[in-house]
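Before any comments, here is the structure.
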Amino acid sequence: MSKDVLIITILICSLFFSGCSKADSLKVKLGLKNNDFEYIKQNKIEKIVIQNTRDQGYRFIVSDKRAIQELYEILSSAKEVKEKSTLKPDYVFEMHEAHDKIHKFNYIAGLDKKNGGNLYSEDKVYIVSKRIDNDIIKSFWNIRIPKDFTDIYYKSILKTLTQYLKDTKITKSIGINLNEDIDTAKFILSTDLEEFKGDIKEKYQNASLAEGDNSSYNVLMTIKTQGYKRLLYKSIITFYNRTEKSEVKYYVKGEYENRGWNIEVSNKKPDDF
C-alpha cells in the first residue's frame, strides 16, 4: 500500500470513528494541517488588508466572513518550512484583530522552484500550494486585465527587443526596465519574472532584466503601457543608447483573435496611438 493511500485510509477511519476534532489533530500530526491560523477560524479577524507591493494604489480590504473563512482553509493547510523564498513578495497581508493586534505576512504568488516558503511573517515560514491570488484576491478585482496577460506582456517585449537588434545590429549590453510601467505593475508577479528572465537568457546574449541600479547597461529598454482592454493591449517601448545619447521608440499593439494574441511592432507611430 502506498503512503498516500495509507494516509487517506487513516483519515477516513478517524473521521468515521472519532469525529472531526480528532481528525484535525491527526492531520496536524501527519503534516497536512497546521494550527497557526486558528484565530481566523475563531472569528477574531475583523478585516484583512491586502496590499500589492509593486503598485501602492492597489490595496483592498476583505471583511466578508465567507472570504475570510476561505482564506483560513487555504492557510491552515500550508506546510511550515525553515527557509523563505528569495523572490520579492507580491502582496502584504495584514489580518486585523480587535484592540489593534495585526498579523502581518508577505506572500509570493505561486511556488518557488527552489522550494522556499512563499508566505512568511517575522517568525514563521510556510509553503502555500493553493494560489491565494486566484481564490481570494482575483474575486475582488474590479479592473479588467488583458486576457492571458503574461502572454501578451512578456512576448511583446521580447518581440520588440528582437526587432531592435535586427534594426540596429547592436551588440552592447541591454537592460530591460519594467519599473516605470506603472499601469501594469499590479499584474506583475515574481514567479512570472523568473520565467521571463529565463527566456531572456535563453534567447539573447547581451540582454537581461534591469533590477536595481541600471547604470551599467549601454542601452536601457523601457516599457510603458499606453492602454489595455480585455482583448487589446498597447505600449511604447523606448531604447536609450547611453553611448550615443540617442533613443528609438517602438509602438506595440496586440489584439486577441483566433485564440491568441496578434502582436504588431513598428518604429513609426500608428494613427491610433
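The values are calculated or read from the model by the stated rules, or taken from the named source; none is laboratory data. Everything quoted here is computed from the prediction, not taken from an experiment. Glycine also receives a Cβ, built like all others from the backbone with ideal geometry; neighbour counts cover every protein chain displayed.
General remarks:
- The set of residues in segment 73-99 that are in contact (Cβ under 8 Å) with a residue 24 or more places away in the chain and either in a strand (DSSP E or B) or of a type in the set (Asp, Glu) (or both) comprises LYS79, GLU80, GLU83, LYS84, ASP90, TYR91, VAL92, PHE93, GLU94, MET95, HIS96, GLU97.
- In segment 59-99, the residues that are closer than 17 Å to ARG131 by Cβ and among the hydroxyl-bearing types (Ser, Thr, Tyr): TYR72, SER76, SER77, SER85, TYR91
- With respect to the conditions (1) surrounded by fewer than 19 Cβ atoms within 10 Å (Cβ to Cβ); (2) assigned to a strand (DSSP E or B); (3) on the phi < 0 side of the Ramachandran plot, ASP183 falls short on a single one, namely (2).
Condition check ((1) more than 14 Å from the chain's Cα centre (by Cα); (2) over 30 Å from ASP36 (Cβ atoms)) across all residues:
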{"position": "PHE105", "(1), (2)": "yes, no"}
{"position": "LYS138", "(1), (2)": "no, no"}
{"position": "TYR154", "(1), (2)": "no, yes"}
{"position": "THR168", "(1), (2)": "yes, yes"}
{"position": "SER190", "(1), (2)": "no, no"}
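- Given (1) at pLDDT 95 or above; (2) surrounded by fewer than 16 Cβ atoms within 10 Å (Cβ to Cβ); (3) farther than 19 Å from LEU87 by Cα, index of the condition LYS201 fails: (3)
- Any hit, segment 163-180, residues being within 26 Å of LYS84 (Cβ to Cβ), β-branched (Val, Ile, Thr), part of a helix (DSSP H, G or I) and at pLDDT 95 or above: no
- Residues that are charged (D, E, K, R) and assigned to a loop (DSSP other than H, G, I, E, B) were ranked within segment 186-235; the one that is farthest from PHE273 (Cα to Cα) is ASP213.
- Among the candidates VAL252, VAL219, VAL265, VAL248, the residue that is within 24 Å of the chain's Cα centre (by Cα) and among the aliphatic types (A, V, I, L, M) is uniquely VAL252.
- Here THR238 meets each of (1) surrounded by 15 or more Cβ atoms within 10 Å (Cβ to Cβ); (2) touching a residue at least 24 places away in the same chain (Cβ under 8 Å); (3) part of a strand (DSSP E or B); (4) not small (Gly, Ala, Ser) with one exception, condition (2).
- Qualifying residue in segment 53-72 (condition: out of contact with any strand residue (DSSP E or B) (no Cβ under 6 Å at 6 or more places or on another chain), part of a loop (DSSP other than H, G, I, E, B) and buried (at least 16 other Cβ atoms within 10 Å of the Cβ)): yes
- Against the test of being at pLDDT 95 or above, within 17 Å of the chain's Cα centre (by Cα), closer than 21 Å to LYS249 by Cα and not basic (Lys, Arg), the options LEU158, LEU209 yield a single qualifying residue, LEU209.
- Selection from segment 211-224 of residues that are among the β-branched types (Val, Ile, Thr) and free of Cβ contacts under 8 Å to residues at least 60 places away in the same chain: VAL219, THR222
- Scanning segment 89-100 for residues that are in contact with a strand residue (DSSP E or B) (Cβ under 9 Å, 6 or more places away or on another chain) and either surrounded by fewer than 14 Cβ atoms within 10 Å (Cβ to Cβ) or under 19 Å from LYS186 (Cβ atoms) (or both) yields a count of 7.
- Residues that are free of Cβ contacts under 8 Å to residues at least 60 places away in the same chain, over 20 Å from ASP183 (Cβ atoms) and part of a loop (DSSP other than H, G, I, E, B), drawn from segment 241-273: ARG242, GLU244, LYS245, ASN258, ARG259, LYS268, ASP271
- Extreme residue, surrounded by the most Cβ atoms within 10 Å (Cβ to Cβ), among residues of segment 148-180 that are in contact with a Leu (Cβ under 6 Å, 6 or more places away or on another chain) and closer than 21 Å to ILE263 by Cα: ILE176
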